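Here's the structure we're looking at; comments come further down.
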Amino acid sequence: MASTLYFIGGGNMVTAIIEAVRDKSESYPVDALYVQEISQARIEDLAQRFGVLAADPSSTPDADIVIIGIRPQDDLKTVLESVSQRFSPERTTVISIVAGYTIEQLEEHLGHDFRLARIIPNTLTTTGYGYSGVALNDQASENDIDAFLRTFGKPLYVEERLIDVITGFYPPNLVYHFIDAYVDAGVLAGLPRDIAKAIALDTLIGGTKFLKQKDVLPQVLLNINNSPGGVGITQAYTLNSTGFAASVQSAVLAAVNRTTALGKEAR
C-alpha cells in the first residue's frame, strides 16, 4: 500500500531523503509527497526534480508520516503545535530530524498522543551506506517507520541518550578531512595530485572492505602490518607522536557536544 509523506522544510537533508525515496519507489511506493517550505525557488526545484506537491502551514493532507526537517534555531514550537492541530495521531506518525531536540521537548509542543520518532539521518543516504540513529517514544514502534527509513539508509534503533553521540560520531566530514590530508601528503612526497587522490581513495575503500571481510578490530591488522623496524611501525610512531588519535577523538567529542547544545538553543 502506497504512503503519503509530508515534509516540513526542504533543505539538503530533506532533499537527500526525497531523492532516496523516489529511487526506492518499487519497494516503497508513495501516493503523494508534500513539502512545506518558505523558499519558493526550492519548492519549484523539488517539484521539477521529484514531483513534490507544494504545501503551506494551512495544508491538511491525509499523511501517513510527517517529517520535521527544519533547523533547531527555527520556530519549532509553532511548527509542532501546528502539526498537532492539522494531523491525526490515529493516522499520522511524526518523525523529527532536528538535531539535539529531544523527544520530551517534541512532545511538550506536539502532545503525547502521536507516534513519534527522533532520527538523525547520515548524509550518505543516496549511496546505500550510513546508519540513521533512531529513538522512539512510547506510542511508536519500528513497524510504523522501518520501511520508510530503509529507503535512505540503515536504521539503528537505540536509546535516546545515544542519539547525540551517534550524530556527532558518524558525519563523513572526518573522512573528508582525512582524505584531504592524505592526498596532500602524497603531493608533499612528490606525487601528482590526481595520482595521490586515486591511491588515497582506493586505499581507503580497499582497506575498509578488507577490515569488514576479516571482521576484526583495526588493531589486529595493524599488528600484522607493523613489522619490526618497518615502514608501518614508523608511520604509527609518527602519527602517535603528533597526537593523531587524540585529534580524531577530540573532534568527535566536540561534534557530540555541539549536537547537544543545538537542542538547548532551539526555540
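For the reader, a short list of remarks on this structure follows.
- When residues in the stretch 73-98 are screened for being open to solvent by less than 10 Å² (accessible area, probe 1.4 Å) and outside any helix (DSSP H, G or I), 6 of them pass.
For (1) part of a loop (DSSP other than H, G, I, E, B); (2) open to solvent by 50 Å² or more (accessible area, probe 1.4 Å), each residue gets a yes or a no:
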{"position": "146", "(1), (2)": "no, no"}
{"position": "151", "(1), (2)": "yes, no"}
{"position": "175", "(1), (2)": "no, yes"}
{"position": "180", "(1), (2)": "no, yes"}
{"position": "186", "(1), (2)": "no, no"}
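- Taking residues in the stretch 190-210 that are more than 19 Å from residue 172 (Cβ to Cβ), and partners anywhere that are modelled with pLDDT of 95 or more and outside any helix (DSSP H, G or I), the pairs with Cβ atoms closer than 9 Å and at least 6 places apart or on different chains are 199/191.
- Those residues of the stretch 99-123 which are crowded, with 18+ Cβ neighbours inside 10 Å, modelled with pLDDT under 90 and assigned to a loop (DSSP other than H, G, I, E, B), in sequence order: 99, 100, 101, 121, 122
Conditions tested, residue by residue: (1) out of contact with any Phe, Trp or Tyr (no Cβ under 9 Å at 6 or more places or on another chain); (2) assigned to a loop (DSSP other than H, G, I, E, B); (3) of a type in the set (D, E, K, R); (4) at pLDDT 95 or above.
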{"site": "20", "(1), (2), (3), (4)": "no, no, no, no"}
{"site": "27", "(1), (2), (3), (4)": "yes, yes, no, no"}
{"site": "38", "(1), (2), (3), (4)": "yes, yes, no, no"}
{"site": "47", "(1), (2), (3), (4)": "yes, no, no, yes"}
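- Condition check for residue 24: open to solvent by 40 Å² or more (accessible area, probe 1.4 Å), out of contact with any helix residue (DSSP H, G or I) (no Cβ under 7 Å at 6 or more places or on another chain) and in contact (Cβ under 8 Å) with a residue 60 or more places away in the chain: yes
- Considering residues of the stretch 49-72 that are open to solvent by 40 Å² or more (accessible area, probe 1.4 Å) and either assigned to a strand (DSSP E or B) or in contact with a helix residue (DSSP H, G or I) (Cβ under 6 Å, 6 or more places away or on another chain) (or both) only, the residue nearest to residue 152 (Cα to Cα): 53
- Residue that is farthest from residue 105 (Cα to Cα), among those in the stretch 244-267 that are among the polar types (S, T, N, Q) and at pLDDT below 85: 259
- Residue check, residue 119 of a type in the set (Val, Ile, Thr) and under 25 Å from residue 166 (Cα atoms): yes
- Residues of the stretch 163-173 include at least one that is open to solvent by 70 Å² or more (accessible area, probe 1.4 Å), at pLDDT below 90, assigned to a helix (DSSP H, G or I) and farther than 30 Å from residue 109 by Cβ.
- Selected residue (criterion: nearest to residue 174 (Cα to Cα)) from residues of the stretch 216-246 that are β-branched (Val, Ile, Thr) and open to solvent by 90 Å² or more (accessible area, probe 1.4 Å): 242
- Scanning the stretch 183-197 for residues that are closer than 16 Å to residue 235 by Cα and of a type in the set (Gly, Ala, Ser) yields 185, 186, 189.
- Within the stretch 1-58, the residues that satisfy the criterion of being out of contact with any strand residue (DSSP E or B) (no Cβ under 8 Å at 6 or more places or on another chain) and among the hydrophobic types (A, V, I, L, M, F, W, C) are 1, 13, 16, 20, 38, 41.
- Among the residues examined, residue 140 does not qualify as part of a helix (DSSP H, G or I) and of a type in the set (A, V, I, L, M).
- Top-ranked residue in the stretch 127-144 [being open to solvent by less than 50 Å² (accessible area, probe 1.4 Å) and within 10 Å of the chain's Cα centre (by Cα); ranked as modelled with the lowest pLDDT]: 130
The values are calculated or read from the model by the stated rules, or taken from the named source; none is laboratory data. Computed from a predicted structure; not experimentally measured. Glycine also receives a Cβ, built like all others from the backbone with ideal geometry; neighbour counts cover every protein chain displayed. Calculation scope for accessible area: heavy atoms of the full protein, side chains included, ligands and nucleic acids excluded. Shrake-Rupley method; radii C 1.70, N 1.55, O 1.52, S 1.80 Å.
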